[in-house]
Amino acid sequence: MLFNSIDFAVFLPTVFLFYWLLANKNLRLQNALIVLASYVFYGWWDWRFLFLILFSTLVDYTIGRKLKSQENKTKRKILLWTSILVNLGFLGFFKYANFFLDNFKSAFSFFGSEIATNSLSIILPVGISFYTFQTLSYTIDVYKQKLEPTKDFIVFSAFVSFFPQLVAGPIERATNLLPQFYKKRTFDLSKAVDGMRQILWGLFKKMVIADSCAELANHIFNNSADMNGSSLVLGALFFTFQIYGDFSGYSDIAIGTSRLFGFNLMQNFKFPYFSRDIAAFWRRWHISLSTWFRDYLFIPLGGSWGGTWMKVRNTFAIFIVSGFWHGANWTFIVWGILHAIYFLPLLLTNKNRKNLEIVAQGNFLPTVKEFLQMLFTFTLTVFAWIIFRAKDITHAFNYISGIFSASLLEVPKLSNPKGAMITMLLVFIFIFIEWLGRESQYALEHLGLKWKRPLRHAMYYTIIIALFWFNGKEQHFIYFQF
Amino acid sequence: MKKFVLRILKFSIPALLFLLITFTYYRHSKTKVESKLTAFSEHPVLLMGDSQIQRLHGDSISQGAKNLASSGEHYYFTYQKLHTLTQNKNHRIDTLILGVSIHNFAPVYNRLFSLDFPEGEKSLKKYLYFIRMFDDSGFITTFDKVLKPAISGIYTAPDFGGFYESTNSNPNEEIINKAFNMHFSIKQEEAKFSHSQRDYLYKIDRLCTENNIDLILVSTPYHFDYKEKIDRKYFDFFLESLKKLKHRRHLNFIEEDIADRFMSDANHLNKLGAKKYSGIIGKKLKAEKRDVLQQ
């Protein structure tokens, strides 16, 4: 079920009313309702894959229980690796089987021997990368004795399948989300109102910004061979805002929806395009994934404490794995490598923690230096997104070559110039609002809160009208495929 | 919780009011549209179809004939208009002159009949008052794609169609290419032929039979260069489609070699061409003693 669909517009209030009116006095009933609602939510897409979630839930619940009673170190390790292999095994099969098969085939044919294999017809279960990482974090934390394993299967099922963040995150840590299922949840008016506001802003980001940019970006990327340099630059910029609006919009809706049910999810985006260096960008972009890799991969590998070689190795490892997590394509791996190259000089010169605070905090405008730093970081990011969005490496190479040609100074050739102008205007308004709200959890959190109610409501209505009037055709969320 | 629900309801009041006003306005306008169509059903001869037929003089064909053709009109909307017209039990429609041509089965008509395309949204906006929402046509299938063009359509004057005169003549290559690309290029993944056009052409055929309306198909001329560009498969599809009609009376001028001075662009007659061919069609009908008013 998509957040931006009529189905969800009916589903959410129905579950909400059942949750607070019928199940209000019984915590177990509330949790059971969350599990039921989550399974309906996921099964709406394809009910067959519910068995996969159920199986994954059963495996990690059982292993968690066994880890509690097991003191033998070897046996504990075996249990941990069973969980890792089962979870990554599913992920590997559904997501990466064809990638490895095709690459083996290419490698063999490179050395002169042809092997006859056909690509497997595999449907990628939506959100598999997200819930796999979430359950893995539970088992690893239980193994490391950072977390008490749960005895309650319903609670654990709710944690794995919690519908607001099931298919595209934020990837929650068991240490944050699991305890919330044990606490009695009472309705909090201000939290619910704030949740609604965040949902509204998330929908704006997705339906107005991302979907409008998607139409233009898709057209330019799909016809890049016929485009001049300036059009290709515009295509890259449109994709930059598409992916941000799409993914951070999803996170906002997920967090806002969770707040309606009394839950607090972690912040997943902190205005990443206002970062002053790449290290800051990675502290602000898809935070739940980057911190996951930091805690479960980078630090166990030795982090940045070792010598130069270790720093280089670990940095490349985390960025390559992060790229590969996005999908079975070399473009994602190269995108990861490129970010590692961006990040490494900062790490080696100990400047990776230089820009921790919010840019121009307390001021309306940034300094010239801050502005140039943001512009430089943004340019690096846009460049990397070209590789991320391209069909394959050749496409990315041709796209970038097309930009650095004489046609860069020509007037952009767009199929729908009026649509492009409107989208650009909307993106400017969006950047302005995001800039104003950059000190909050999300741009709209405090915006206009001191205004009188009619004025504030007029602002919300303007956003609602924009949702209907400027929404693009693209409906699916990019991160569903990851 | 109660307070929250009340707040949501209070916040929704302006939206609900807007919807109520919109719905009332829609009902009011729909009644007006239906009564106007009822008045059109008093005409014994109607000209319907897309912009090609829009260029013909009704009066030159038959006295009192009414031209209801409109630019880019998919047969689905023609069918819906005709359906409303024939709902009037006292209608006097005796003859329907329907434009039918090769480009009517081109990919552009798939776009005009799908809300996935801006062309389809435009269709909904133009013809909203003539259709029944959520019928089994396959045009409106989901609520989410409908809202914007539908609200916009409610507050837009419906397109009843009517005679349109073109003053341009001797079209150049650029104009012809533009029309050809608009009609025959496949923009996304739409099908090569418009099967929905064929389906609704047959429905119009059946509706005419049920209501004792004489259906005469008219294909006005094409510019030679435009005709040359069209894939033969479209000619075959066009002729094949017409074979299955019950009413086979077809005045076909497509194969005629026409001087450029009669054409406004690739597929439309100009003022001069309209005068010439309206006269020819009128004479042919009179010769066959089909002029209703003379009977």
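Taken together, the values in this text are just the output of simple stated rules run on the coordinates, not laboratory data. Every value quoted in this text rests on a predicted model; they were computed, and no experiment measured them. Here Cβ is always computed from backbone atoms with ideal geometry, including for glycine, and neighbour counts include all displayed protein chains.
For chain A, a simple Cβ point-charge model (Lys and Arg +1, Asp and Glu -1, everything else neutral) yields a dipole of about 1560 debye relative to the Cα centre. Report summary: the helix-based calculation at 222 nm, which adds -39500 (n - 2.57) for every DSSP H run with n ≥ 4 and divides by the residues of chain A, gives -20500 deg cm²/dmol. Restricting attention to segment A:340-482, lysine pairs at least eight places apart or on different chains and with alpha-carbon atoms under 25 angstrom apart total 6. Rounded to the nearest Hz, the phi-derived 3J(HN,Hα) couplings of segment A:410-419 under the Karplus curve 6.51 cos²θ - 1.76 cosθ + 1.60 (θ = phi - 60°) are 6, 6, x, 9, 10, 6, 9, x, 5, x, where x marks glycine and proline. When chymotrypsin sites (Phe, Trp or Tyr not before Pro) are flagged only if DSSP places them in a loop and at most 15 other Cβ atoms lie within 10 Å, the longest unflagged stretch of chain B comes out as B:156-295. Reducing segment A:1-23 and segment A:324-399 to their Cα centroids gives an inter-centroid distance of 38 Å.
Evaluate the relative contact order of chain B (contact order divided by residue number), counting alpha-carbon pairs under 8 angstrom at least 6 apart; express in whole percent. Walk me through the intermediate numbers first.
Numbers: 474 pairs, mean separation 72.4, N = 295.
Here the relative contact order equals 25 percent.
Exposed loop sites were defined as GluC sites (Glu not before Pro) in DSSP loop states (anything but H, G, I, E or B) carrying at most 10 other C-beta atoms within 10 Å; in chain A the longest segment without such a site runs A:115-356. Computed from the Cβ-Cβ distance with R0 of 51 Å, the FRET efficiency linking B:I21 to A:D188 stands at 0.90. What you get for segment B:2-294, charging only the Cβ of Lys and Arg (+1) and of Asp and Glu (-1), is a dipole of about 1180 debye around the Cα centre. Distances between placed amide hydrogens fall under 5 Å for B:L215 paired with B:L96, all partners being 5 or more residues away or on another chain. For a test of the definition: using alpha carbon positions, the gyration tensor, and the 1.5 limit on a/c, classify the protein assembly as shown as rounded, prolate or oblate. In terms of gyration-tensor shape, prolate. For segment A:147-193, the list of trypsin sites (Lys or Arg not before Pro) that fall in a loop by DSSP and count at most 10 other C-beta atoms within 10 angstrom reads A:K183, A:K184. Between the listed residues A:L178, A:F163, A:I320, the Cα displaced farthest toward the positive end of the dipole of chain A, a dipole computed from Cβ unit charges relative to the Cα centre, is found at A:L178. Dipole magnitude for segment A:6-184: about 860 debye, using +1 per Lys or Arg Cβ and -1 per Asp or Glu Cβ, origin at the Cα centre. Residue pairs exceeding 19 angstrom between C-alpha atoms, taken from B:K125/B:K145; B:K36/B:K286; A:K270/A:K311: B:K36/B:K286; A:K270/A:K311. Phi angles of segment B:273-283 translate, via the Karplus equation with coefficients 6.51, -1.76, 1.60 and θ = phi - 60°, into HN-Hα couplings of x, 4, 5, 4, 6, 4, x, 4, 4, x, 4 Hz per residue; Gly and Pro are given as x. Taking springs between alpha-carbon atoms closer than 10 angstrom, which of B:Q197, B:Q87, B:Q54 fluctuates most in the Gaussian network model of chain B? Looking only at B:Q197, B:Q87, B:Q54, the largest GNM fluctuation is found for B:Q87.
In what sequence do A:S129, A:S230, A:S190 fall when counting other Cβ within 10 Å, fewest first?
Going from sparsest to densest Cβ surroundings: A:S190, A:S230, A:S129.
Of the residues B:K89, B:K246, B:K125, the one that moves most in a GNM of chain B with alpha-carbon contacts below 10 Å is B:K89.
Total lysine pairs in segment B:146-272 at Cα distances under 17 Å, for residues eight or more apart or on different chains: 9. For the protein assembly as shown, the residue among A:S440, B:F143, A:W285 whose Cα projects farthest onto the positive side of the dipole built from Cβ charges is A:S440. For segment A:6-184, the relative contact order works out to 31 percent when only alpha carbon pairs closer than 8 Å and six or more residues apart are counted. A DSSP coil position with no more than 10 other Cβ atoms inside 10 Å describes the following trypsin sites (Lys or Arg not before Pro) in segment A:1-58: A:K25. Lys-Lys pairs in segment A:6-184 that are eight or more residues apart or on separate chains and whose Cα atoms lie under 14 Å of each other come to 13.
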